[in-house]
Amino acid sequence: MENLLNLIPDDTDRTDGILKVTGGATYSAEYKIEGLTYGVLVQSTIAKGKITVLETKKAEGAPGVIKVLSHLNLNNSVPRYAKDDNVTIDRNIQKVFYNDQVYFAGQPIALVIADTYERAVYAASLIKANYQEEKHHTYLEKNLENSISPEGKDYLRNEKDAYKNSEVYLEAEYHQLNNIHNPMELGSITANWESDEKLTVYDKTQGVFGSQKHYAGLYGMDSKNVRVIAPFVGGAFGMALHTWPYQDAAVIGAKITKLPLKLMLTRMQMFTMVGYRPETKQFIGIGASKDGVLNGITHNAWGVTSTYDNFTEGTVGGTQFMYKCPNVNTQYKLVKLDVSNPIWMRGPGEATGMFALECAMDELAFKLNMDPIAFRLKNYATVHPVNNLPWSSKFLDECYELGAKKIGWYNRNPKPKSMTEDGMLVGYGMASGVFNAGRGAATARVILDENGKLTIQSAITDIGPGTGVMMKSVAMDSFKMDAIQIIVELGDTNLPPAPTQGGSNTTSSVGSAVYDACTALKEKMVEVYNQSFGEQKVYDDFKFNKEGFNIKGKSFSYVDLLKKAGLKELEVTRESRSGTERQKYVFNSFSVHFTKVHVHPLTGMVKVKEVVCALDAGKIISEKQARSQMIGGVVGGIGMALTEEGVYDHRYGVYTNNNFADYHVPVHADIPPIDVLFVNKPDPYINPIGAKGLGEVSIIGLAPSIANAIFHATGKRVRDLPITLDKIAIWRD
Amino acid sequence: MINFDYIRMQSVKSTVKALAKFTDAKMIAGGSNLIDLMKRNVTAPTKLIDINLLPLKYIEQSKEGLRIGALALNSQAADHEIVKNKFPLLAMAINAGASPQLRNMASFGGNMMQRTRCTYFYDTSMPCNKREPNSGCGALNGINRMHAIFGANDNCIAVNPSDMNVALIALDAQVVLLNAKKERKMAFADFHKLAEDTPNLDNHLQSNEMIVEILIPENNFSKNSYYVKVRDRNSYAFALVSVAAGLELEGKTIKNARLAMGGVAHKPWRLYDAENYLQGKEINTETFKEAAKIAMKGAKGYGHNDFKLDLAPASILEALMKAAHLS
């Protein structure tokens, strides 16, 4: 049997590319349904307290208004809400309009349903709320003493705080503000109850089954009576990993009015309704011998969460195993504030944690007078330090060399503020990233039709990376077919089950399912062939090509085979999942980011001039898509490093920059040429296709590489993201 | 957004007549700021007077200087040969502002009229004396990183957000205003005002008046002009500090200087004392540093924007060095 490890990287274009850029892709707010109504949410303007009066009469009387929904009239119409007194369901999803309590500024407190969007907007502006306010807390720094330990136990390997006994050590605090989820497509949903017992939802989601389970659960329905459809998702980055109250509001509103309802958030509403990468304060203590052998690392983090959920991410996890270091202790704490709930954002946890660790490594390398790469290689881990297992594959060392060569690392003068170019200070920085390489259970169906076309189906969503192309590429290689012969169908609960898209799992999980299904289909062809021709050929006799196969010199087309067998189509469905290899190895993807920055010597304005990423993500299935995904991660990372921050006015507990003019996502002018280099060596153990996934490592390490480059350019160490020019304060020498 | 009447005007005459009649009407040209304000319920005119068909899109040379119709587009001016050759400072400032899409919509008159970007002004749940007189200033003890360091008081510390305005004030522009009865001309420098006791008013345009023309007199700054914009990202961000500098040189001697700043005051901020200091001096780093120091007299920070006290003189130095081709 040939192995997909020999797969040649293919420059296939996106299956959805033309549709997306021509308006042909239908997003969840774009479905035209007869009698569609429009929902607009009203939000709380205080951060904490009780709604004493909610004046809705004017809105109810406004033209075109069908219904105003709030805690005043929701009653017990949602069985799942009525079941218990918790304010959340499914662990962390706030019940919408559940009671008169306000838990954060911007919380949805009413839904206006009208016959047009404009009328709903107008009516929503007529709703007035009075509150009994309570003292709120939104300031992390001032509430550290109220923190809790969500994981119960802190991590300790050997001696605690051993860094203090090292010949050279560093203690530093790092901090970053909220990064708000702002994909191009806003949070949106169209809910259509076809009958009292049958619901169809066009949803912005990263996982159709998660949504299905949640909506069915609201009314105690059988999941099979809820269909969730999401063939196109306009970016998500984690915001749609679970449903949010706005989606409940739409489903409940449609149920009560018995009318199809569309609800799309405004950009401003995105800031408090779909989560964010939480503000986190970190402490690193790190120490080594004079010749650069790490002795101890202490990493403590305090992350923000809401009052109603203990949102947890792996902020300190990477520190436990990134380097060979005898003594490591980490502590992760949550500070519960009167804010909306965070959610995972690209590179969740690790992007935050690696910012601290990889800056600290750079700082310590500088103290040791060592090259930052040499320092990392000196402490390179070949056995996982936490569980003492080998990695399934690890080519991080090759990443360092590939990237260093490409950006000209060794030509830099390592002395800070020593390099200039075009009147600007020049800095080079680097940092590494790591993320779990998982593999979930996934099912794929492949169907060969009488015209020789192959259809691949999976319920997986494609939130942007080009999952359809990945599926196609695997099938193309399996059958040696051209892209044009293959149709991909995804993003629908009626298709074979797949995990939620997230955590760099998709290619490993779904790609493997497609691979296994394709193999099974070929085996089935052998069977059909033998039956049809009364022969006893074996699988290895078959050489597949784009039209069909060749058996010992004789060619058959797929079309002919199906005709001979009297079949309209040949179909195989296969589930694929991980096995005992997970007990024998640790699976990780690795990245190294190199950046070159210019810093203006008078004003401190930063311009990223070049980024080089080198990564070990196992076998690259579709090089063009993988490259694009890396570029996307770098763009997000530049935002995290330099421009993005959700800024509260803590007096009111509200955001002051909840729009695209004031919350700065990077624009084209901020983005330099980005080089992506793949080690591209298959992981021999993770799955049949050797791919490890790269969505998360694309951003992890980017922010510290920029912070390190700014230090190199200016001699100024900024440990607080985003690194705006007032923090660099280049004028302060 | 509440309902409003929409009237499209065909002539300047009918427009000023309508303005005399409807006191709460607002004119709309590109709408790139007004529509935002209406969507967020910051302003709610009952009548919207569309002036886009008025014949005020011209840019032409006259004996007195360059005449720019109030409806000339920002991008039209920035790409105009005369502007690029004779008034490059204006082209540089315009191109530093907003995004190409916005510059294609925004008119000269509209840009002059654009309101502050203070976030407290835009959020109707917040106090703001500019939006709602006597409600207080949210920014004063709040998030005021973008705010004024010159000429502010406790009523309002908002800044004028325009880049174009900074170049126009530096270039001694004049403004022609018209109402149903008469035309009046004023120095561009007198058009915008400080907050003082009436932060709700950004400028001296009367409710029955419209801007019809901007006039830029001839000058000799074209060879030594520079616009510096310091901001949080490399495009589509308002200035933390911006500086327009124009020098007329005789050899190394400064015959005439123009210097103005944006992002630092309720109006575009002309630096007359620094200009006077520069006159007759030789171009060099020390002279420019001293000018920057003089320019900063009376500056005051409000907390988050304290860094502007350092950033502003650094930016002035950068603008002068670049204008003098010393860096």
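Observations
- Computed over segment B:120-263, the quotient of the alpha carbon radius of gyration and 2.2 N^0.38 Å is 1.21.
- Distance-filtered residues of segment B:276-312 - backbone nitrogen under 13 Å, label point 7 angstrom along residue B:250 Cα→Cβ: B:279-282
- The value for segment A:503-593 of Rg(Cα) / (2.2 N^0.38 Å) is 1.46.
- Note on the protein assembly as shown: dipole from Cβ charges, positive end direction compared against A:33, A:618, B:120; the farthest Cα belongs to B:120.
- Taking every C-alpha pair closer than 8 Å and separated by at least 6 residues, the mean separation divided by the residue count of chain A gives a relative contact order of 17 percent.
- Note on chain B: dipole from Cβ charges, positive end direction compared against B:110, B:83, B:30; the farthest Cα belongs to B:30.
- Cleavage-rule hits, chymotrypsin sites (Phe, Trp or Tyr not before Pro), segment A:28-88, DSSP coil, Cβ neighbours within 10 Å at most 11: none
- Given in Å, the Rg to one decimal and the Dmax to the nearest whole number for the Cα atoms of segment A:580-676 are 18.1, 59.
- Between helix B:285-295 and chain B: long-axis angle, C-alpha atoms, 0 to 90°, nearest 10: 40
- Calculated log₁₀ intensity ratio I(q)/I(0) where the Debye formula runs over C-alpha points of segment B:222-323, q = 0.12, 0.13, 0.17, 0.22 Å⁻¹: -0.36, -0.42, -0.71, -1.12
- Remark: the protein assembly as shown carries a charge dipole of roughly 1140 debye about the Cα centre, counting +1 on each Lys and Arg Cβ and -1 on each Asp and Glu Cβ.
- Taking Cα atoms only, the orientation of helix B:308-323 departs from the longest principal axis of chain B by about 70 degrees.
- Cross-link pairs exceeding 26 Å between alpha carbons, from the set A:58/A:198; B:26/B:57; B:86/B:193: A:58/A:198; B:86/B:193.
- Taking the C-alpha atoms of segment B:5-52, convex hull volume expressed per residue in Å³: 62
- Label-to-label distance, residue A:729 versus residue A:307, with points set 7 angstrom from Cα along the beta-carbon direction: 3.6 nm.
- Among B:38, B:261, B:210: highest mean-square fluctuation, GNM of chain B, C-alpha pairs under 10 Å: B:38
- Cα-based helix-to-principal-axis angle, B:12-21 vs chain B, degrees rounded to 10: 70
- In chain A, taking the dipole from charged Cβ atoms about the Cα centre, the farthest positive-side position among A:202, A:268, A:147 is held by A:147.
- Pair-distance profile P(r), taking every C-alpha pair of the protein assembly as shown, with 20 angstrom steps and integer %: 12, 37, 36, 13, 1, 0
- Per-pair calculated FRET efficiency, R0 = 22 Å: residue A:57 and residue A:101 via Cβ, rounded to 0.05: 0.45
- Given in Å, the Rg to one decimal and the Dmax to the nearest whole number for the Cα atoms of chain B are 19.4, 61.
- Evaluated with a Cβ-only charge set (Lys, Arg +1; Asp, Glu -1), segment B:222-323 carries a dipole of roughly 260 debye about its Cα centre, given to the nearest 20.
- Across B:182/B:229; A:336/B:300; A:453/A:524; A:50/B:130; A:48/A:727; A:367/A:406, pairs whose alpha-carbon gap is larger than 28 Å: B:182/B:229; A:336/B:300; A:50/B:130; A:48/A:727
- Sparse-neighbour loop sites [chymotrypsin sites (Phe, Trp or Tyr not before Pro); segment A:655-695; at most 14 other C-beta within 10 Å; DSSP]: A:660
- Calculated P(r) of segment A:515-561 - Cα pairs past 11 Å, %: 67
- Each Lys and Arg adds +1 at its Cβ and each Asp and Glu adds -1 at its Cβ; summed about the Cα centre, chain B shows a dipole of about 500 debye.
- The spacing between segment B:196-210 and segment A:653-705, judged by their C-alpha centroids, is 48 Å.
- Subset of B:255/B:297; B:47/B:181; A:128/A:213 violating a 27 Å alpha-carbon distance limit: A:128/A:213
- Cα-Cα pairs of segment A:270-371 separated by more than 15 Å (percent): 62
- The Stokes-Einstein estimate for segment A:133-228, based on a Kirkwood radius over Cα pairs and taken at 4 °C with 1.567 mPa s viscosity, is a diffusion coefficient of 67 µm²/s.
- Label-to-label distance, nm, for residues given as residue A:660 and residue A:568 (7 Å Cα→Cβ offset): 4.6
- Entry note, segment B:5-52: relative contact order of 59 percent, from Cα contacts under 8 Å with a spacing of 6+ residues.
The numbers here are math on the coordinates, done by the rules we state, and not lab data. These numbers were taken from a predicted model, which means no experiment stands behind them. In this analysis, Cβ positions are derived from the backbone assuming ideal geometry, glycine residues included, and neighbour counts consider all displayed protein chains.
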